[in-house]
1. Residue pairs, Cβ under 6 Å, 6 or more apart or interchain, first in the range 211-238 and at positive phi and in contact (Cβ under 8 Å) with a residue 24 or more places away in the chain, second surrounded by fewer than 22 Cβ atoms within 10 Å (Cβ to Cβ) and not in a loop (DSSP other than H, G, I, E, B). List them.
2. Name the single residue, out of those in the range 158-208 being in a strand (DSSP E or B) and without any contact (Cβ under 8 Å) to a residue 40 or more places away in the chain, that is nearest to residue 260 (Cα to Cα).
3. Just for the range 241-274: of the residues that are over 20 Å from the mean Cα position of the chain (by Cα) and modelled with pLDDT of 95 or more, which one is surrounded by the fewest Cβ atoms within 10 Å (Cβ to Cβ)?
4. Considering only the range 220-230, how many residues are more than 15 Å from the chain's Cα centre (by Cα) and either assigned to a strand (DSSP E or B) or farther than 30 Å from residue 120 by Cβ (or both)?
5. For residue 217, work out the one condition from (1) in a strand (DSSP E or B); (2) surrounded by 22 or more Cβ atoms within 10 Å (Cβ to Cβ) it doesn't fulfil.
6. Can you name every residue in the range 74-97 that is at pLDDT 95 or above and in a helix (DSSP H, G or I)?
7. Out of curiosity, is residue 18 assigned to a helix (DSSP H, G or I) and modelled with pLDDT under 90?
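The values are calculated or read from the model by the stated rules, or taken from the named source; none is laboratory data. Just so we're clear, the structure is a prediction, and the values are computed from it rather than from any experiment. Here the Cβ positions follow ideal geometry from the backbone for every residue, glycine too, while neighbour counts run over all protein chains shown.
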């Protein structure tokens, strides 16, 4: 075969490949089948979820993208309901107004289920248990691998200034019992430097920070933990029922545990007092 014919055959072969490739259709994503519609939700096909985007590991940004426990839970809920998720940055003290004025459909944002909260909004289940935890460098002579509040006296304790854990330590053991730090991140630096024996702070936040400190581990619970819930507009019974059912399903199939482990590691589940509600 002459050189000219070879070139012609090659050109035709390339053209056929390009045509075949161009005609190939990309697989289409299955269309969402919304299980909720207005007026139960605000916008057709969309679940508007309030989260506090300045509070990692619950919600923040990672490489310019929203990320965190609440972000993942919101996405999972929306997917199960056949809806697109739209995150709205809402601070906890703005929650009731945002729900009752129709800015958002539901609120996550590390909302503790308390009587004060349920007086203004309705709750639709719980997706995480959180509360003060005790963290320490493990395998040291001065600190055992399991601690309770009774083990804290005599240890060098650090906590975040003004946090619930800080005030609980002051209340239980007296003023000056714990060294105050402007943030838990600063307290962890002090712990790693050997300036502290123990940090007491929000378990979720501490567990998230501890991922960067391989020698630091959760060694005990400090006080009572609380269920963190999802809030909806007061008396929005149909939406409340749908969200509660969806969250229960996510708990039953292990989705919530997977999200928790992704962000907090394998820390044990905190114990909630019997009288505390998870509704």
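1. What qualifies is 223/168.
2. Top of the filtered list is 181.
3. The initial filter retains those residues of the range 241-274 that are over 20 Å from the mean Cα position of the chain (by Cα), namely 241-242, 273-274.
Those left that are additionally modelled with pLDDT of 95 or more: 241-242.
Details: 241: 13, 242: 21.
Looking at residues that are over 20 Å from the mean Cα position of the chain (by Cα) and modelled with pLDDT of 95 or more, I get 241.
4. 2
5. Only one criterion is unmet by residue 217, namely (2).
6. Within the range 74-97, 74, 75, 76, 77, 78, 79, 80 meet the criteria.
7. It is true that residue 18 is assigned to a helix (DSSP H, G or I) and modelled with pLDDT under 90.
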